[in-house]
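The values are calculated or read from the model by the stated rules, or taken from the named source; none is laboratory data. All of these numbers come straight from a predicted model, not from anything done at the bench. Please note: Cβ atoms are built from the backbone with ideal geometry, for glycine as well, and neighbour counts cover all protein chains shown.
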Amino acid sequence: MAPNSEEQILAVLDRTSDRFEPRDVEGVLDLFCPDEDILLVGSEMGEVARGREGIRRSLIELFSRPEAYSFEWDTRDVSAAGDVAWVVAEGRVVVRQDDGAIERIPYRISGVLQRINDRWLWRMFTGSGPIAVQGNDQ
């Protein structure tokens, strides 16, 4: 991995959270590659958005809810080959209701980033809520 790449990629995770919480549609979209071959997959049924306009519509819908989202990560793993990187982060999605109530829900993301003009940008972002399996102690 090129020097500073891991630090720069982890900063994209931080900026993603920083832009989710204030419901900054264009700010989140700016963290994705500038072309149409991009994908956002959320943790809810039907939460799949392709291309810039699809992701914009999905974010507008998500951010119109009476809660704001951010992320807290316990682990963040990064690997890269040239100008492509992949990341997995596990922790919690923080849900802040407009009435002030806060809930922290186990969450993980995985994604693919591409370095374009010295910026690491999401090519694919996938979020999921891990579920406990009966009999599994993990």
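Residues that are over 16 Å from Gln114 (Cα atoms) and modelled with pLDDT of 95 or more within region 41-51 comprise Val41, Val48, Ala49, Arg50, listed in sequence order. All conditions but one from (1) under 14 Å from Thr126 (Cα atoms); (2) out of contact with any Ser or Thr (no Cβ under 8 Å at 6 or more places or on another chain) apply to Ala49; the one that does not is (2).
Considered as a group, the residues in region 12-40 that are over 19 Å from Asp118 (Cβ atoms) and acidic (Asp, Glu) include one that is surrounded by the most Cβ atoms within 10 Å (Cβ to Cβ), and that residue is Asp18. For region 49-68, the tally of residues that are closer than 16 Å to Arg96 by Cα and not polar (S, T, N, Q) stands at 6. If the condition is being surrounded by 10 or more Cβ atoms within 10 Å (Cβ to Cβ), of a type outside the set (Phe, Trp, Tyr) and farther than 13 Å from Trp73 by Cα, then region 103-126 contributes Glu103, Gly111, Val112, Leu113, Gln114, Arg115, Ile116, Arg119, Leu121, Arg123, Met124, Thr126. Closer than 25 Å to Ala49 by Cα, surrounded by fewer than 17 Cβ atoms within 10 Å (Cβ to Cβ) and small (Gly, Ala, Ser), is that true of Gly82? Judged against the criteria, Gly82 is not a match.
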